Amino acid sequence: MMLRKKSNKFQILMMNYTKKAIPIFAMLALGLHSYAQDDAAALAQKLANPVAALISVPFQNNTDYGVGPLKGSRNTMNIQPVVPISLTKNLNLIARWVQPWVTQYNVTGIGQKQNGLADAVVSAFISPANSKNGFTWGAGPVFLVPVATEDLLATKQLGIGPTALALKQTNGWTFGALVNQIWGVSGGENRPEVNQMFIQPFVNYNWKSGAGIGGNMEWTNNWTAGNSTLWLNPTISGLTSLGKQKTQFAIGPRFNLAAPDAVKAKWGWRAVVVFLFPKK
């Protein structure tokens, strides 16, 4: 009974936080303090392109409810710095590090809580410096880096594989897809072998103000376990300036369309803050 009360208090706290956060992010996403439309439109287009030559530091927070048979809660903060490096006049290297910080309760057992870093995913895309007719692409290696600090959030394996993406931008629209495949190559004693594919189709429309609407699907297929996880993430977004710092905000619901019963969530929401560092 005591554990159930604690779980209810945790869920009520997260629900109250959600109710407060949604109107705040929604107001910001409308771009109430937007700057010049030409600048906003150009930045919004670059942000919709994962291999654009734009330094950015996104903080993507995903909160999920009703996780697994115990109806647990999970919060994942993904810190995702993106740094472009000019290789030649015609080629860029786009380096991206995705570092999750996970806090979950009542997922692995009644009253159990895990809190800490999960393993990182690091990608390096070689991409043309200039798109042709709005079309661009990127390809390179992807690495699974075993930096997790919590045993139940860790694979304890170094992984490697290929990653690629292609997209088209036209009349404010961006649509494309990203894919990677990772195989575990070392470590992971007494752990299931890492062998998973990730596919992320995405679409987005941006107005000249920098505001946008769109979404993506995130499909992870675990070849070793023979199961899949599928999320649908629609969002609204907007650009603003916090002092001199150009920033994008986005928010939207999350729908867990498929997952193993042990980790399937009822619903969730996503909030994103992206700090931008465009070239002057």
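The values are calculated or read from the model by the stated rules, or taken from the named source; none is laboratory data. Keep in mind the model is a prediction, meaning the values are calculated, not measured. Here the Cβ positions follow ideal geometry from the backbone for every residue, glycine too, while neighbour counts run over all protein chains shown.
Residue-by-condition table, conditions (1) touching a Leu at 6+ places or on another chain (Cβ under 6 Å); (2) surrounded by fewer than 21 Cβ atoms within 10 Å (Cβ to Cβ); (3) more than 25 Å from Trp101 (Cβ to Cβ); (4) aromatic (Phe, Trp, Tyr):
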position	(1), (2), (3), (4)
Gly159	yes, no, no, no
Ala164	no, yes, yes, no
Leu167	no, no, yes, no
Trp173	no, yes, yes, yes
Gly176	yes, no, yes, no
Ile182	yes, no, no, no
Gly188	no, yes, no, no
Arg191	no, yes, no, no
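Restricting the range 41-60 to residues that are surrounded by fewer than 18 Cβ atoms within 10 Å (Cβ to Cβ) and within 25 Å of Gly268 (Cα to Cα), the residue that is nearest to the chain's Cα centre (by Cα) is Phe59.
The number of residues in the range 178-210 being charged (D, E, K, R) and either touching a Lys or Arg at 6+ places or on another chain (Cβ under 6 Å) or closer than 19 Å to Leu239 by Cα (or both) comes to 2. Within the range 113-133, the set of residues being at pLDDT 95 or above and outside any strand (DSSP E or B) comprises Ala118, Asp119.
Working only within the range 229-246, note down all residues that are crowded, with 17+ Cβ neighbours inside 10 Å and polar (S, T, N, Q).
As a first pass, look at the range 229-246 and keep what is crowded, with 17+ Cβ neighbours inside 10 Å: 229, 231, 233, 235-240, 246.
Once the filter is applied, which keeps residues that are crowded, with 17+ Cβ neighbours inside 10 Å and polar (S, T, N, Q), the range 229-246 yields Thr229, Asn233, Thr235, Ser237, Thr240.
Are any residues in the range 189-245 in contact (Cβ under 8 Å) with a residue 40 or more places away in the chain and over 26 Å from Leu276 (Cα atoms), and if so, which ones? The answer is Val194, and nothing else.
Kindly indicate whether Leu276 is part of a strand (DSSP E or B), surrounded by fewer than 21 Cβ atoms within 10 Å (Cβ to Cβ) and in contact with a Lys or Arg (Cβ under 6 Å, 6 or more places away or on another chain). Reasoning before the result, please.
Working: part of a strand (DSSP E or B): yes; surrounded by fewer than 21 Cβ atoms within 10 Å (Cβ to Cβ): yes; in contact with a Lys or Arg (Cβ under 6 Å, 6 or more places away or on another chain): yes.
So Leu276 fits the description; yes.
Across the range 208-222, a minimum of one residue is classified as out of contact with any strand residue (DSSP E or B) (no Cβ under 9 Å at 6 or more places or on another chain) and surrounded by fewer than 16 Cβ atoms within 10 Å (Cβ to Cβ). If you go through the range 66-83 and keep only what is assigned to a strand (DSSP E or B) and either surrounded by 20 or more Cβ atoms within 10 Å (Cβ to Cβ) or polar (S, T, N, Q) (or both), you end up with Val67, Gly72, Ser73, Arg74, Asn75, Thr76, Asn78, Val82. Scanning the range 39-65 for residues that are over 20 Å from Pro253 (Cβ atoms) and either assigned to a helix (DSSP H, G or I) or acidic (Asp, Glu) (or both) gives Asp39, Ala40, Ala41, Ala42, Leu43, Ala44, Gln45, Lys46, Leu47.
Across the range 255-273, the number of residues qualifying as more than 16 Å from the chain's Cα centre (by Cα) and crowded, with 21+ Cβ neighbours inside 10 Å comes to 1.
Taken as a whole, the structure places Val179 among residues that are assigned to a strand (DSSP E or B) and within 23 Å of Ile79 (Cα to Cα).
Gly252 fulfils the conditions (1) closer than 18 Å to Pro50 by Cα; (2) under 13 Å from the mean Cα position of the chain (by Cα) except for a single criterion, (1). For the range 134-152, what are the residues that are farther than 10 Å from Ser123 by Cα and modelled with pLDDT of 95 or more? Across the range 134-152, the qualifying residues are Phe135, Thr136, Trp137, Gly138, Val145, Pro146, Val147, Ala148, Thr149.
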